[in-house]
Amino acid sequence: MLKNALYYQEEKESYKAKVLSCLPLYGKEKEAWEKRVGKSFPALFLLRLSEEPFYPEGGGQAPDKGTIDGAELLFAENVEDEYIVHLLAKEIPEGTEVLCKVDYAYRRRQSENHSGEHIFAGLISSRFGYSNVGFHMELTAENPHVTVDFNGELSEEALSELELAVNAVIRRNLPVEEKYVEEQESEEQESKEQESGGSNSEKSSEKLTGEELPIGSLEQGKKTIEFRQKKALSGAIRVVSIPGVDSCACCGTHVKRTGEIGLFKLLSFEKHRGGTRVFLLAGELAFLDTQKKEKLLFKVSRKLSTDYQSLSERVDKLKEQTEEERGRRIALSLQAVELLGNRYKKELFIQKRAVFTGKPFLGEGLEYYGNKNLVVFHFPDFEMVLLNKACESLKSYVDTDFFCFSRRGEQEWQFAGAGQAGFLERFKKWKEEGHFSGGGKEEMLQGRFRGSREELKDWIDSAE
């Protein structure tokens with residue numbers, strides 16, 4: 001954290017600065033940076049500037065986006081809280097005065113979401129005593145989101161209430177304040193950390209409900225400043241506070257007042273390592289996400305010829321109808337399996353177990369093909385559940401090893417199979433020869449065959 005950095009002090013889109021150094025990257029160091037940004041470059045350079053307009057990666061927040069002398073800023077990193085290095089694919093000589101342009105729309109989205117997360121985590125800390133043990137913002141993906149992990153379980157009802165509470169704080173338009181304090185080690189602070197479960201146990205500094213023990217507590221003059229923190233800190237500590245709601249050690253960028261956030265929205269949640277992982281959005285991205293989902297809701301409503309208030313009931317009826325239709329389809333499919341099994345058994349009887357049965361394998365309709373040691377049945381468009389049912393049904397017609405196949409693409413088939421003693425060992429050998437994947441028991445195998453129809457037919461003809 002650089003206390004005097006421009007990204008904390010000013011809200012501008014353009015800055016002038018001088019290049020203090022420009023270091024070319026080679027070999028493994030260059031490869032390491034390319035891996036971080038997910039792209040290869042003919043050349044890469046690390047620049048130091050006389051000013052610090054770009055926020056570097058830190059605290060779960062990605063670095064700023066922008067340009068330096070017209071070149072895209074690929075990454076910005078804080079080096080031991082002393083200076084920031086800027087990754088560019090362009091060399092700029094030392095001493096050059098450059099124009100730095102910050103993508104302020106992106107910065108604002110990060111600030112909105114980071115500030116929304118502070119309110120949310122602060123309320124959870126005060127009401128439930130849970131700590132924020134993981135935080136990451138992914139705001140440039142196709143489906144942007146913020147991920148926050150808490151070390152305690154939260155119910156859907158509790159999260160719904162918290163969502164309302166966060167939006168209530170936003171509407172109050174409270175100031176988002178920052179203070180810098182210096183660490184002062186004391187026996188009293190160490191004792192408090194031990195009582196609160198160590199430096200990784202976050203507690204609320206602004207108590208809303210219950211009796212909470214803060215994990216951070218620094219003396220500044222005659223006033224004790226309490227705040228949440230995720231790890232032990234030293235030196236100058238930046239504390240971001242929202243009066244009566246939250247106070248937390250943080251190096252990220254934030255809005256000036258909670259009203260600037262506009263909207264806070266919970267997207268989903270799941271159990272995670274004994275706690276709760278929450279996915280959320282705030283600010284403009286929360287609005288855009290809500291707008292997108294609302295448009296989809298009305299689009300579906302129109303297609304189903306119902307208003308959105310009745311959409312859930314309409315979907316339930318369609319689901320019920322679909323299940324009934326699926327049941328009828330399965331029944332008809334199994335009737336087709338029985339007919340094919342009867343046809344196979346009848347042909348075997350007429351041919352008195354000739355070497356080959358059926359017609360050359362086409363893989364286009366209901367058919368069978370094989371020999372006295374192996375038979376393959378084909379069922380177009382059968383899902384795996386149906387293939388397993390077909391195998392069970394065909395056991396009463398077939399007294400040799402057999403497979404039920406269904407095409408999945410030009411070069412892929414799925415199958416279920418059953419056989420006699422030794423069938424599993426035969427299958428293992430076929431897997432070693434290629435094409436096959438999957439497994440199971442002799443009573444029932446399932447998996448995939450990769451290859452064309454001609455390759456599948458050749459394998460049937462040559463299978464031992």
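Where residues in region 52-74 are in contact with a Leu (Cβ under 7 Å, 6 or more places away or on another chain) and either in contact (Cβ under 8 Å) with a residue 60 or more places away in the chain or on the phi > 0 side of the Ramachandran plot (or both), which of them is surrounded by the fewest Cβ atoms within 10 Å (Cβ to Cβ)? Among those residues, the one meeting the criterion is D69.
I'd like the full set of residues that are assigned to a strand (DSSP E or B), touching a Pro at 6+ places or on another chain (Cβ under 9 Å) and not charged (D, E, K, R), limited to region 137-177.
So in region 137-177, the residues assigned to a strand (DSSP E or B) come out as 137-138, 145-150, 175, 177.
If we keep only those that are touching a Pro at 6+ places or on another chain (Cβ under 9 Å) as well, we get 137-138, 175, 177.
Matches in region 137-177: M137, P175.
Pairs meeting the criteria (first residue in region 86-111 and closer than 9 Å to L47 by Cα and open to solvent by less than 50 Å² (accessible area, probe 1.4 Å), second residue basic (K, R) and modelled with pLDDT of 95 or more, beta carbons under 9 Å, at least 6 apart or on different chains) are H86/R48. Consider region 1-38 and keep the residues that are open to solvent by 100 Å² or more (accessible area, probe 1.4 Å) and part of a strand (DSSP E or B). The one that is farthest from R107 (Cα to Cα) is K18.
Within region 39-51, the set of residues being open to solvent by less than 50 Å² (accessible area, probe 1.4 Å) and either modelled with pLDDT under 95 or part of a loop (DSSP other than H, G, I, E, B) (or both) comprises F41, A43, L44.
Any residue that is assigned to a helix (DSSP H, G or I), on the phi < 0 side of the Ramachandran plot and surrounded by 11 or more Cβ atoms within 10 Å (Cβ to Cβ) - is there at least one of those in region 350-363? Spell out how you get there, then give the answer.
Start the filter on region 350-363 by keeping residues that are assigned to a helix (DSSP H, G or I), which leaves 350-351.
Now narrow it down to the ones that are on the phi < 0 side of the Ramachandran plot: 350-351.
Filter once more, keeping what is surrounded by 11 or more Cβ atoms within 10 Å (Cβ to Cβ): 351.
Yes, region 350-363 has at least one match.
Residues in region 288-301 that are surrounded by 11 or more Cβ atoms within 10 Å (Cβ to Cβ) and not hydrophobic (A, V, I, L, M, F, W, C): D289, T290, K292, K293, E294, S301. For region 420-464, the candidate set comprises residues that are modelled with pLDDT of 90 or more, charged (D, E, K, R) and in a strand (DSSP E or B); within that set, the residue that is least open to solvent (accessible area, probe 1.4 Å) is R448. Answer yes or no as to whether N151 is modelled with pLDDT of 95 or more and among the polar types (S, T, N, Q). Considered against the rule, which asks whether it is modelled with pLDDT of 95 or more and among the polar types (S, T, N, Q), N151 comes out as yes.
From the list A236, A249, the lone residue that is modelled with pLDDT under 95, of a type in the set (A, V, I, L, M) and out of contact with any Asp or Glu (no Cβ under 9 Å at 6 or more places or on another chain) is A249.
The values are calculated or read from the model by the stated rules, or taken from the named source; none is laboratory data. If you're wondering where the values come from, they're calculated on a predicted model, not measured in any experiment. Using ideal geometry, Cβ is built from the backbone for each residue, glycine included, and neighbour counts are taken over all protein chains shown. Quick note on the areas: whole protein, heavy atoms, side chains included, nothing else; ligands and nucleic acids left out. Shrake-Rupley method; radii C 1.70, N 1.55, O 1.52, S 1.80 Å.
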